[in-house]
């Protein structure tokens with residue numbers, strides 16, 4: 001099967017599921033035919049350039065996930081990584097923190113520097129958002145990343161320790177050790193960055209990333225969690241478990 005055929009099939013399936021969620025009954029084959037007639041297809045992923053640079057001078061935490069990207073509740077396991085966006089004014093780096101249970105983007109940050117502050121800011125946003133939603137991250141939370149120098153730095157490790165978070169580090173050059181986050185970065189590049197380039201600089205990347213992350217959490221149907229948005233998946237969990245998040249507050 002060609003890449004184009006696979007992409008078109010994936011795109012029509014998601015559109016078909018979204019239409020049914022909105023109460024619009026339509027056959028999947030009809031959606032596929034209409035999309036083909038309009039020249040529409042699902043976004044296709046391109047090649048990913050690796051940003052991980054190991055620092056052998058930093059002691060690394062153990063790999064606590066061992067490629068097991070599952071969780072039984074929110075705030076049990078977070079995964080993190082960062083990527084880059086080429087702009088007219090230079091390179092912009094964007095870091096993400098994703099909750100394994102719901103696939104929600106709980107934190108992100110953007111900067112023209114890839115120093116440790118980039119990934120620290122993403123974690124701080126995640127902690128702040130969880131506190132604001134009334135579902136704070138408690139003891140036992142594992143933060144998993146690759147072995148990039150930003151994540152193995154003393155500043156980052158100390159920050160996790162202070163927040164009561166257990167650090168987990170995968171191996172260098174092995175995408176499977178952080179496969180979920182590799183997939184998340186791929187979606188970001190495919191659904192936002194590639195279609196809307198060229199980018200001017202940090203400001204427009206930040207604004208677009210904020211809009212995309214909100215759409216991803218509240219509207220985008222995610223296959224891994226039953227074809228519903230991440231926010232809805234968490235709401236369903238909290239409807240059966242305490243505490244429940246405050247009404248109208250984002251996750």
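Say R0 is 41 Å: what FRET efficiency, to the nearest 0.05, do residue 235 and residue 203 get from their beta-carbon distance? Working from the Cβ atoms, E equals 0.80. Once C-alpha pairs closer than 8 Å and six or more residues apart are averaged by separation and normalised to the residue number of the stretch 113-164, the relative contact order reads 48 percent.
The Cα atoms of the stretch 83-199 give a gyration tensor whose axes a ≥ b ≥ c have a/c of 1.5 or more with a/b greater than b/c, which makes the shape prolate. One decimal place: the segment residue 214-residue 70 gains 49.6 nm when fully extended, by the rule 0.36 nm per residue minus the C-alpha distance. The orientation-averaged projected area of the convex hull spanned by the Cα atoms of the stretch 115-172 comes to 3.7 nm².
Throughout, read-outs are computed from the coordinates displayed, never taken from laboratory work. Everything numeric here is computed off the predicted structure, so don't read it as measured data. Note: ideal-geometry Cβ built from the backbone for every residue, glycine included; neighbour counts use all protein chains shown.
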